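Chemist: This is the structure I have questions about; it appears just below.
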């Protein structure tokens, strides 16, 4: 198999700059190669949401995309060969590695909050804030730009744009009870999908940067600022494990409530998910050049994709250490004493619980 890796200033289909160290290129790669199963299944569920198709079609014609582009053109700095040239090089690198033919427009926006996004209906636009540019080093930033290019390749920018618009709309019509409820139902579903899509884009960022340590550093900085000398990757990942497994059912409910208003998963969870994927056979197969191609997308079975997603969810619930997920697994497995388990899960039970837990003599036989 030919080596698709490349070095700086080599020939590259019109891209004048390529990565400063050897990285593998994934010619014709389909977004299916890196998309998280939960991303695909959440998008399927979103499209089945009552009224979503109607709202989507209506907004596609109403959203002021031209106005959005003019806003960034007039009030941000466009990345080019003359401005933020190091970011322009990284952007072209990312598009080369993921074989995205048309390089999206990219802007740097003055905002101390570290953030990046990929939006747009007809053509994606990538926006990064000055807070992010100042926070990350070159390799960390490369992973972030790869993350946003992954969003573009997956077509996520369309739904992200609609999410931003509907969130703004929901605030404006909050005084209309039924109207607000209808909008918020779609916003909540979009947020659930978008949190899953972030896991896919993190994987795309790793495929572009091909440096897991840099990806981990970037996530740690987003969580704790530019204090790497005070942070430790293993301890950071241990937080994710403690978050998932700790507490009782009350904590499980609080986790759900905490994440509902967020567009992104919690940072420690993203780091743990990415590390798990980086150590998987699927990632290694992609790095070895075995991955689905875009030319095969039209032949992909929706049923198979949904089956893969369902299998992922089943496995996630079964292997989860979260107290609520354990309870779900026990119920699905026909576990008895449901009432006692629920009481114990919420921290109740006392002496009665201890008595319930004591095995009977006939159970030891």
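The numbers here are math on the coordinates, done by the rules we state, and not lab data. The model shown is predicted, which means the values in this text are computed figures rather than measured ones. Virtual Cβ from ideal backbone geometry, glycine too; neighbours counted across all protein chains shown.
Chemist: To the nearest 0.05, how large is the calculated FRET efficiency for residue 164 and residue 101 if R₀ is 25 Å and r is the Cβ-Cβ distance? Show your work: numbers first, answer last.
Modeler: On the way: r = 26 Å, r/R0 = 1.04.
With R0 = 25 Å, the Cβ-Cβ based efficiency is 0.45.
Chemist: Starting from 0.36 nm per residue, how many nanometres of slack lie between residue 137 and residue 27 once their C-alpha separation is accounted for?
Modeler: Stretched out fully, the residue 137 to residue 27 stretch lengthens by 36.9 nm.
Chemist: Can I ask one more? Sort 40, 281, 293, 203 so the one with the fewest other Cβ atoms within 10 Å of its own Cβ comes first.
Modeler: Listing 40, 281, 293, 203 from fewest to most nearby Cβ atoms yields 281, 293, 40, 203.
Chemist: Neighbour counts of other C-beta atoms within 10 Å: give me 96, 34, 107 arranged from fewest to most.
Modeler: Placing the least packed residue first, the sequence is 107, 96, 34.
Chemist: Under a plain spin-label model, where a point goes 7 Å from the Cα along Cα-to-Cβ, how far apart in nm are residue 297 and residue 228?
Modeler: Calculated label separation equals 3.4 nm.
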